[in-house]
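Structure, as structure tokens:
What follows is calculated from the coordinates using simple rules that are stated; it is not laboratory data. On a predicted model such as this, the values are computed, not experimentally measured, just so you know. Ideal geometry is used to build each Cβ from the backbone, glycine not excepted, and the neighbour counts take in all protein chains shown.
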Amino acid sequence: MVRNARPADLARLARRLRGEDLLIAIAAPPPSPSGALAIGIAGRGFDGDLTSDSTRTEGYVLSTDLAPTILRRFGLRIPDEVYGEAIRAEGATAPAAVEDLADRMSVIPDRRAPILIVCLAAWVVLALAVDRIAFGLRRVAMAWLALCFAYLPLLLLVGSWLEPGGVAEAALVGFGATALAALTVRLAWGWRGLALACGITATAYAIDVIAGSGLTTLSLLGPNPIYGARFYGIGNELEALIAVMVPVGVGAGLSACTGWGREVSRAAAVSSFLVAGVVGAVVFGAGRFGADVGAAIVLPVGAAVAAAALPRHLERFPGSGPGNRSRLRLIGLAVAAPLAALVLVALIDLLSGGNAHLTRSVIDAGGAGGLADLAQRRLELSAHDFGQAAASPLFWVVVVGIGVGMSQWRRIDAWLRPAPIARAGLIGACSAVAVGVLVNDSGATFLVLGGLALGASLAYAWSQAGESGLKQTRFSSSPRNLRGVRG
């Protein structure tokens, strides 16, 4: 039975429930600015905050969860064509906590772009000013700029914990990343600085996703449901940054070890890249830990390509690049790694009962026809994302930057060749971003943020090119290797 009722009538209607009866009360539209309508359910078993596997967030469910809830309540089969998950109640009812969550989610859309753009623009202007005024500090300024970008997601995570006002959150991100980057440049110069920043940021998000605290969801880079995304795991915005930070951070860390005089074998470097890629894929893609099929693809791709891009002998200055056999191995690894990771993530999810996004959207798609419909829907969403992004100047700045980078690859490669492991990490990151644009349903968003992260990494590589290139020239005395330095 469906009927109109006033809030004052709900208590009387709830007292009339018998057996398996359910009373589902939904506020009349239009919804609030956040797109949410209030809902309450009375009946046996519903004595806490509402949630479902669609949201995995206490106090929130989706409209598509209503049909599975009613069907399951009366023991009826839920058709494969029905989207959504059955609603359940967890914990104690906490209206104040739900209101606080709604307040935080409602401000994210208005804050995300302004805070990110203002902070990035301020950092770029400051770095360029230092570059022009103090020529001797230009490499320091570029390293600082790259580290500001690396610490940006970390400060956004802190902001989701503190939940400050708009101005306060902008100051937290802007000045916080500025201070951390300056401190890192001062205390950890060289490749270890980039490794430290990437490692701290990626680890902080991994811990939060595993712990299930929800801070990732409430950060400005979280999968905000107001945009039509899921409530949990990591969004494509954060995935694009993590896809760059993991291989770049591993490459920078191993390069720092060689800078300290420690020998790093090719086998150790390969293992480091692959382990980091697989661990990242499992953490951000598997079960209740996360829900990101894209992360299970792009992170192994980045790791595999980085491993294949390593020179055969790390103790020698790399030559012109991998041969034909190495290229075939690189392609094979790039194809096999994401497939293996997807199988691993799906297996973990099935054994743990995590019911993650991967198994629900891919494995339960209902055969080849369902998978084709899923692929078509994702392509349509990606095309729509590119259409929206085309109206943003930032999108075209990134596109032009990528074009310039590709046209100047030989010059860029000369910066990187003295640090072959860092070079491999950056090549892996480029591959991860390229694949991420193709496999995600918001390819333009992935391209913009992934491109910005790559640009920051290249800025840091340039900051290290002077000293490392000079050292490598003195180390490599053969004419062949000196030709490589000039290249």
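Suppose R0 equals 41 Å. What FRET efficiency, 1/(1 + (r/R0)^6) with r the Cβ-Cβ distance, do GLN388 and GLU263 give to the nearest 0.05?
Efficiency at R0 = 41 Å is approximately 0.25.
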Which FRET efficiency value, to the nearest 0.05, is calculated for VAL107 and LEU10 with the Förster distance at 22 angstrom and r the Cβ-Cβ distance?
0.15
Quarter of the Cα convex hull surface for region 140-258, i.e. its orientation-mean projected area (nm²):
7.5 nm²
Counting every C-alpha pair in region 233-273, the percent lying more than 11 Å apart is 67 percent
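Viscosity 0.890 mPa s, temperature 25 °C: give me the Stokes-Einstein translational D for region 7-93 in µm²/s, with Rh taken as the Kirkwood radius over C-alpha pairs. Mind dumping the intermediate values first?
Details: Rh = 13.8 Å.
In µm²/s, the coefficient is 178.
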Based only on other Cβ atoms within 10 Å, what is the fewest-to-most ordering of VAL167, VAL173?
VAL167, VAL173
How would VAL278, VAL98, VAL400 line up from fewest to most surrounding beta-carbon atoms within 10 angstrom?
VAL400, VAL98, VAL278
The exposure ranking of GLU163, GLU99, GLU58, fewest beta-carbon neighbours within 10 Å first, is GLU99, GLU163, GLU58
